[in-house]
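Here is the structure we will look at, set down as structure tokens.
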Amino acid sequence: MTTFPGWIARETPDGHRTTLEELDSGILDDGDTTLRVHYSSLNYKDALALHGRPGVVRRRPLVVGIDVTGEVVASRHPRWRSGDLVTLNGAGLGEERHGGLAGLAAVDGEHLVPVPDRFTPARTAAIGTAGFTAALSLLALERQGLTPAHGPVLVTGAGGGVGSVAVALLADSGYEVIAVTGRPDSLHERLTTLGAAHIVDRSELDTGGKPLAKQRWAGVVDAVGGPVLAGALAGLRHSGTATTCGLAASAAFPGNVMPFILRGVSLLGIDSVRTPHDRREAAWQLLARHLDPDLLDTVTRHVPLTAAQDAADDALAGHGTGRTVVDVRAH
Ligand SMILES: NC(=O)c1ccc[n+]([C@@H]2O[C@H](COP(=O)([O-])OP(=O)(O)OC[C@H]3O[C@@H](n4cnc5c(N)ncnc54)[C@H](OP(=O)(O)O)[C@@H]3O)[C@@H](O)[C@H]2O)c1
């Protein structure tokens, strides 16, 4: 038996609590591949799980953390050897299976992706589920036929993890990016550096309930939901496409069918957790081609494992900024 530190969600007499404990390797799930975790990251879901909030953790006790980047210690899967550097986003980690905010993890090798040559393990963790989801969103838009020639793409929640990576990926792929944020003044320089051509205050997307507005953008990457998504659809050009992956503002969809039936727009759902392997690889290849590691560094901060819970406060307060890497070996 080996012991290792990890953030674990437990049922307590007064509710749900997540605490940093010394864990025993006997706790690990069945999985054909054991990883020594080097890095995890903080996504919105991790913030909820670390603070005992509902909606993410499906069983207790459960090691939290939906991302893992590390080194294969042992594997029965034919693709992996001891010492390989790999990453995994979602696939039930930190929700149904013990997750990545701990020193060891046991996972299914079929979901793993190698750490791309272009990125260090720390940068791969910086991308994490948020960046992976931004890539899945762009792939979905392009499967629907979107190209830079069709017009600008709107990114909501641009200051957050999904939004920041989406802005950088789209800009490097040749798109004119309109970044929507609740913090247009304080994030102006950061979003411009990432490649945003225009920065829009999210209040401008409020159409006052009108289902249709001036047709301004050809695509949308939305991570916030609620009235912002409805406003984004109202301004989508004829035959345009939007993706929806998140609910940072609200799970409600106070929209209207008019953009769909009068402008032929499409709304595509994105689920990073159950992404099939070929699509995982395609998303990581897109990231390796179009995400500049130096730009990624401009929106990344690093915290040790012990500081993960405190570092998650910002996301819960609605002003998560960029990406947070958790160095699991530093504690
Ligand atoms: N479907 C999937 O597979 C998948 C994968 C990854 C993430 N997600 C979801 O996507 C969402 C974003 O994740 P994330 O990691 O990017 O979170 P994050 O880093 O916390 O960023 C969320 C951003 O949303 C904006 N926002 C917050 N409150 C808002 C409000 N009331 N109204 C409008 N905008 C608001 C803020 O950006 P500004 O200040 O710039 O406006 C914030 O930085 C979460 O709901 C997450 O669970 C889903």
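The rows are residues; the columns are (1) open to solvent by less than 60 Å² (accessible area, probe 1.4 Å); (2) touching a helix residue (DSSP H, G or I) at 6+ places or on another chain (Cβ under 6 Å); (3) small (Gly, Ala, Ser).
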site: LEU28; (1), (2), (3): yes, no, no
site: ARG59; (1), (2), (3): no, no, no
site: VAL64; (1), (2), (3): yes, yes, no
site: GLU95; (1), (2), (3): yes, no, no
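Restricting the stretch 211-240 to residues that are among the β-branched types (Val, Ile, Thr) and open to solvent by less than 10 Å² (accessible area, probe 1.4 Å), the residue that is nearest to the ligand (Cβ to nearest atom) is VAL221. Of all the numbered requirements in (1) part of a loop (DSSP other than H, G, I, E, B); (2) crowded, with 24+ Cβ neighbours inside 10 Å, ALA168 misses one, and that requirement is (1). Exactly one residue out of GLY52, GLY100 is within 25 Å of GLY161 (Cα to Cα), open to solvent by less than 10 Å² (accessible area, probe 1.4 Å) and assigned to a loop (DSSP other than H, G, I, E, B), and it is GLY100. When VAL162, VAL180 are checked against the criterion of being closer than 18 Å to LEU205 by Cβ and touching a Leu at 6+ places or on another chain (Cβ under 9 Å), a single residue qualifies: VAL180.
Within the stretch 79-108, being more than 16 Å from the chain's Cα centre (by Cα) and either among the β-branched types (Val, Ile, Thr) or over 24 Å from VAL57 (Cβ atoms) (or both) holds for ARG79, TRP80, ARG81, SER82, GLY83, ASP84, LEU85, VAL86, VAL107.
Just to be sure, is PHE132 at pLDDT 95 or above, more than 14 Å from the ligand (Cβ to nearest atom) and of a type in the set (Phe, Trp, Tyr)?
Details: at pLDDT 95 or above: yes; more than 14 Å from the ligand (Cβ to nearest atom): no; of a type in the set (Phe, Trp, Tyr): yes.
The answer is no for PHE132.
Looking only at the stretch 310-331, residues that are in contact with a His (Cβ under 7 Å, 6 or more places away or on another chain), part of a helix (DSSP H, G or I) and open to solvent by 50 Å² or more (accessible area, probe 1.4 Å) come to 0 in all.
Residues that are small (Gly, Ala, Ser) number at least 3 in the following helices (runs of 4 or more DSSP H) confined to the stretch 193-304: 226-234, 277-290. Scanning the stretch 292-308 for residues that are buried (at least 21 other Cβ atoms within 10 Å of the Cβ) and away from the ligand (no atom under 15 Å from the Cβ) yields a single hit, LEU305.
Among the conditions (1) within 11 Å of the ligand (Cβ to nearest atom); (2) modelled with pLDDT under 95, the only one that ARG329 does not satisfy is (1).
The values are calculated or read from the model by the stated rules, or taken from the named source; none is laboratory data. Since the model is a prediction, treat every value here as computed from it, not as a measurement. Cβ: placed from backbone, ideal geometry, glycine included. Neighbour counts: every protein chain shown. The protein model used for the area step is the full one, side chains on, heavy atoms only, and it has no ligands, DNA or RNA in it. Shrake-Rupley method; radii C 1.70, N 1.55, O 1.52, S 1.80 Å.
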